[in-house]
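For reference, the structure is listed below as structure tokens.
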Amino acid sequence: MKAILIPILSAAALILAACDEPAPWARPAKAPPGPQTLANIRAQKVVWNEAAGGFEVGGKPLKAGRLWTFDGSTEGFVLAGGSVLPASPVGLSVRNVDFDPILRSPKGLELDGSRYSLVLVRLTRHRPGAAWDGTIFYSTADHAESGDFRSKPVEGAAPAVGETVVLVYDMAHPKKGGEDWTVSLIDSLRIDTDDQAGGTFTIHQIAVTENPGTEALGVAPPPADEAKTAETPKT
């Protein structure tokens, strides 16, 4: 009889012990991975607010017409002359393989340029590919990418290796193109990082936002570059 009771009592003890464990659905969920820790961040007026999930200047949020955060996806961005993949835990991992690589957004953005004329690219430069470029181009229903419609960042240019910056493009005052952006419906964006192969970057966010003006940004408009001849866009 004792031989029979011992297994029964052992099984009962195991059942009682299991009852002390919360059901799987009642157990606390594991926290998702935290934001990537960045060490070398350039001090700028335009900053990314992680808690709010948006860019801001002087503590005031910048309303975005488009915002890409690359949470597990390239969100339609492609790189001619290299590769793009989702970064870990979030972001866009950019690897420049060929000379003069080109990063392009999806088409069909239909952005009202009169309302949204500030382009913000927050990135970390991991390895340089010779000379830094940083030019932005764009297309509309009336024209394709062209050297006649381009600009450079008014803040955040030429990040050092390991440095995180926000590239700030004031498209209301471009290097070339005049008022074209502000009277157009923007179809797509093109961003050139390095002029040469070998560079690697993590792009954390890209946004096209309302423009608070050069005074709020603490910058001066870039000088017009009328002397430079138009560039032929890559296909």
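The values are calculated or read from the model by the stated rules, or taken from the named source; none is laboratory data. From a predicted model like this one, the values you see are computed outputs, not experimental measurements. So basically every Cβ, Gly included, is an ideal-geometry build from the backbone, and we count neighbours across all protein chains shown. All accessible areas refer to the heavy atoms of the entire protein, side chains included, with ligands and DNA or RNA removed. Shrake-Rupley method; radii C 1.70, N 1.55, O 1.52, S 1.80 Å.
Considering the stretch 95-133 alone, what residues qualify as being assigned to a strand (DSSP E or B), among the polar types (S, T, N, Q) and closer than 25 Å to Ser184 by Cβ?
Once the filter is applied, which keeps residues that are assigned to a strand (DSSP E or B), among the polar types (S, T, N, Q) and closer than 25 Å to Ser184 by Cβ, the stretch 95-133 yields only Ser117.
Can you find a residue in the stretch 165-180 that is closer than 19 Å to Val94 by Cβ, of a type in the set (D, E, K, R) and touching a residue at least 24 places away in the same chain (Cβ under 8 Å)?
no
Within the set of pairs 6 or more residues apart or between chains, which connect a residue that is open to solvent by 40 Å² or more (accessible area, probe 1.4 Å) inside the stretch 69-80 to a residue that is outside any loop (DSSP other than H, G, I, E, B) with Cβ atoms less than 7 Å apart?
Listed pairs, sorted by first residue: Thr69/Gln205; Gly72/Pro86; Ser73/Pro86; Glu75/Trp68; Val78/Val84; Val78/Arg104.
Among the residues of the stretch 83-94, how many are in a strand (DSSP E or B) and without any contact (Cβ under 8 Å) to a residue 60 or more places away in the chain?
Total meeting the criteria: 4.
As an exercise: evaluate Arg66 against (1) assigned to a strand (DSSP E or B); (2) buried (at least 19 other Cβ atoms within 10 Å of the Cβ) and give the number of the one condition it does not meet.
Here Arg66 meets the rest and fails (2).
Looking at the stretch 193-218, which of the residues that are in a loop (DSSP other than H, G, I, E, B) and surrounded by 19 or more Cβ atoms within 10 Å (Cβ to Cβ) is modelled with the highest pLDDT?
Asn211
If I go through the stretch 99-124 residue by residue, how many of them are more than 21 Å from Gly54 (Cα to Cα), open to solvent by 10 Å² or more (accessible area, probe 1.4 Å) and modelled with pLDDT of 95 or more?
3
Give the residue that is modelled with the lowest pLDDT, with candidates limited to residues of the stretch 219-231 that are surrounded by 13 or more Cβ atoms within 10 Å (Cβ to Cβ) and not hydrophobic (A, V, I, L, M, F, W, C).
Residue satisfying both the conditions and the ranking: Glu231.
In the list Phe149, Phe55, which residue meets the criterion of being in contact with a Gly (Cβ under 8 Å, 6 or more places away or on another chain) and modelled with pLDDT of 95 or more?
The unique qualifying residue is Phe149.
Given (1) under 28 Å from Ala52 (Cβ atoms); (2) buried (at least 21 other Cβ atoms within 10 Å of the Cβ); (3) in contact with a Leu (Cβ under 9 Å, 6 or more places away or on another chain), identify the lone condition not met by Ser151.
(3)
How many residues does the stretch 167-192 hold that are open to solvent by 10 Å² or more (accessible area, probe 1.4 Å) and either within 24 Å of Ala43 (Cβ to Cβ) or small (Gly, Ala, Ser) (or both)?
5
Within 17 Å of the chain's Cα centre (by Cα), closer than 14 Å to Val208 by Cβ and polar (S, T, N, Q), is that true of Ser151? Outline the logic, then answer.
Details: within 17 Å of the chain's Cα centre (by Cα): no; closer than 14 Å to Val208 by Cβ: yes; polar (S, T, N, Q): yes.
Here the answer is no, as Ser151 does not meet what is asked.
Is it true that Gly134 is closer than 22 Å to Asp195 by Cα, in contact with a strand residue (DSSP E or B) (Cβ under 8 Å, 6 or more places away or on another chain), open to solvent by less than 10 Å² (accessible area, probe 1.4 Å) and among the small types (Gly, Ala, Ser)?
Here the answer is yes, as Gly134 does meet what is asked.
Pairs, please: C-beta under 6 Å, at least 6 apart or cross-chain, first residue touching a residue at least 40 places away in the same chain (Cβ under 8 Å) and open to solvent by less than 40 Å² (accessible area, probe 1.4 Å) and in the stretch 42-57, second part of a loop (DSSP other than H, G, I, E, B) and not hydrophobic (A, V, I, L, M, F, W, C)?
Val57/Lys45; Val57/Pro212
Within the stretch 134-149, how many residues are touching a residue at least 60 places away in the same chain (Cβ under 8 Å) and in a strand (DSSP E or B)? Give the derivation first.
Residues of the stretch 134-149 touching a residue at least 60 places away in the same chain (Cβ under 8 Å): 137, 144-148.
Still in the running and in a strand (DSSP E or B): 137.
The total comes to 1.
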